[in-house]
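Following: one structure in structure tokens, then a few remarks.
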Amino acid sequence: MDNNNNNQNENQNQNENQNENQNQNQNQNENQNENEMKNLKNSISKQDFVKLEYFEFFLSSSILIDRPKKVFANKDQELEQIKLENENLKREIEKMKLVIKGIELKQNFHQFSDSEIIKDNEYVNKLKEWINDNNFFSKMRKGYSAKREGFDSENWHNKCDDKGKTLVIIKTTDNFIFGGFTQIGWTTDKSKWDSLSKKEESGYIIDPNAFIFSLRNDKGNRKPDKFSVKQYENEYKNAIYYESDKGPTFGGYNGLHDISLESDLQPGGSNFGDSYNLPNGIRYGTNEAENYLAGSPDEWVVDELETYFI
């Protein structure tokens, strides 16, 4: 009889210990979830929620409210309540993560909200990485659209000259997407050419920080990439070219350019590799080089041209 009582007492003690351990584990999980929720909440400003119409969700978040401690009749009841609250908190955390993801996407696409070309978050992240200038990237705006302002180099110069840092994005009718970035920008004011350029050729400008890029090349199955200006014996090659009856023109010499657009912004030309570095394994003058950016050296047609500056 005494042995039976002892066994019952031992079993009861073991059950109580198990319940206590479960309670401790649940409390630890609850604390972890609450800490994660607090970190998520703190990573977002109230202004973001107001702007994105999530303010009501922000205020209703249960983590913002100190929940009173409840008194339970027994440990099992308390354990069930803790489990329920944990599940609710986990669901709330997942909602908050989705909200944060939405905010990040919206913030990234803010500069390209009305773009006809940039529709992929990967492209936004690549451009942001390559330009590496948060001030420019956050303040830039679309100052020119060929579809909006017309396919005309005079219109382009009127809108885009003397803007300093400038981003040009081109989409062809064959869905190639490419372009370039310069920290100097374009001007048809010849008095500025000599002061900016170290070259004798009028209109050619040196910009060590300029680059051209390819975002989409389905035919070549290429990934997004950027290409810097070539350098020979501590001297950089021509980065951009000014001419009143041409659209945005990158690189080149004696009429041949890495990217060029004529007076009506059609057709486009590409002598890729003249002033800008080619991808590894591709040689200048080959079909692979000439077709890399637009699928053709001189037969591609612009579907849209967008230009961004502050």
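Please treat every number below as a calculation from the coordinates, not as lab data. This structure is a prediction, so every number in the text was calculated from the model and none was measured. Don't worry about glycine lacking a Cβ; one is built from the backbone with ideal geometry, like all the others, and counts go over all protein chains shown.
Worth a mention:
- Label-point gap, in nm, between ASP114 and ASP189 - each point 7 angstrom along Cα→Cβ: 2.7
- Pairs over the 19 Å Cα-Cα cut-off, from the set LYS171/LYS223; LYS75/LYS95; LYS171/LYS246; LYS163/LYS230; LYS97/LYS142; LYS126/LYS230: LYS75/LYS95; LYS163/LYS230; LYS97/LYS142; LYS126/LYS230.
- For region 215-257, a Kirkwood hydrodynamic radius built from all Cα pairs, placed in the Stokes-Einstein relation at 25 °C and 0.890 mPa s, yields a translational diffusion coefficient of 193 µm²/s.
- The stretch between TRP130 and SER263 holds 45.0 nm of extra length on full extension. This uses 0.36 nm per residue minus the Cα-Cα distance.
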